[in-house]
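**Student:** Please read through the structure below; I'll follow up with questions.
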Amino acid sequence: MSLLGENMLKWSLAQLYKNGRKPFEFEDTIDFSDRIKNIDDILDMTEVSVKGTCTHILDDRYEFEMNLSCIMTLECARTLEPVLYPINLDVVEVFDTYQDGEDDETILIEKSTIDLTDVIWENVYLEKPMRVFK
């Protein structure tokens with residue numbers, strides 16, 4: 001499936017329509033080094049490996065099942081020494097051009113493009129523990 005630009009985790013709705021109802025697999029890595037610059041307790045982070053499947057559910061609704069993995073280097077709360085913290089999680093996110101209500105966990109497609117970058121960052125960042133100890 002052809003993709004938008006360099007980012008292999010971004011698709012226009014037109015590209016997804018062309019694919020029809022066939023699920024497709026995707027795989028890429030993404031570098032969040034720019035996002036961790038202002039986070040004091042994240043010393044480093046490997047690129048996040050992303051593997052997943054996109055399924056066209058109905059109309060403009062798409063489900064992305066993903067496995068995200070990386071290693072964060074965090075600061076020990078006691079000694080301030082580096083601690084390697086592996087992250088490996090499975091995530092399911094649903095995108096649609098319409099949301100049913102406030103409780104709907106569907107991610108709204110605003111510009112006729114689905115970009116997984118922010119969703120991946122949010123899921124990985126939420127896995128970071130408040131404190132780690134060596």
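The values are calculated or read from the model by the stated rules, or taken from the named source; none is laboratory data. Remember, it's a predicted structure, so these values are computed and weren't measured experimentally. Backbone-built Cβ (ideal geometry, glycine too); neighbour counts: all protein chains shown. Remember, those area values only see protein heavy atoms, side chains included, never the ligands or the DNA or RNA. Shrake-Rupley method; radii C 1.70, N 1.55, O 1.52, S 1.80 Å.
**Student:** Return the loop-located GluC sites (Glu not before Pro) in region 71-122 (DSSP other than H, G, I, E, B) with at most 14 other Cβ atoms within 10 Å of their own Cβ; answer none if there are none.
**Tutor:** 102, 105, 110
**Student:** Select from region 71-134 those chymotrypsin sites (Phe, Trp or Tyr not before Pro) which occupy a DSSP coil region and have at most 16 other Cβ atoms within 10 Å, ordered by residue number.
**Tutor:** For chymotrypsin sites (Phe, Trp or Tyr not before Pro) across region 71-134 that sit outside H, G, I, E and B with at most 16 neighbouring Cβ atoms in 10 Å, the list reads 98, 133.
**Student:** Right, something else. Convex hull over the alpha-carbon atoms of the chain: what's its volume per residue in Å³?
**Tutor:** Dividing the Cα hull volume of the chain by its residues yields 116 Å³.
**Student:** Here is the link list: 37/111; 51/134; 22/111. Which ones come out longer than 25 Å on Cα distance?
**Tutor:** In this structure, 37/111; 51/134 exceed 25 Å between Cα atoms.
**Student:** How much of the DSSP bridge set in the chain is antiparallel, in percent, rounded to the nearest 5?
**Tutor:** Around 90 percent antiparallel, to the nearest 5.
**Student:** Percent relative contact order of region 18-134, based on C-alpha pairs within less than 8 angstrom and at least six residues apart?
**Tutor:** After rounding, I find 21 percent.
**Student:** Counting only protein heavy atoms and a 1.4 Å probe, tell me what percentage of the chain's accessible area is made up of carbon and sulfur.
**Tutor:** 47 percent
**Student:** Please report the relative contact order for region 4-83, taking Cα pairs under 8 Å with a sequence separation of at least 6, and give it as a percent rounded to a whole number.
**Tutor:** For region 4-83, the relative contact order is 25 percent.
**Student:** If you don't mind, there's one more thing I want to ask. With angles folded into 0 to 90 degrees, how steeply does helix 117-126 sit against the dominant principal axis of the chain? Use alpha carbons for both and round to 10.
**Tutor:** The helix 117-126 is inclined about 40 degrees to the chain.
**Student:** Rounded to the nearest whole Å², what accessible area per residue is found for the chain with the 1.4 Å probe?
**Tutor:** In whole numbers, the chain has 62 Å² accessible per residue.
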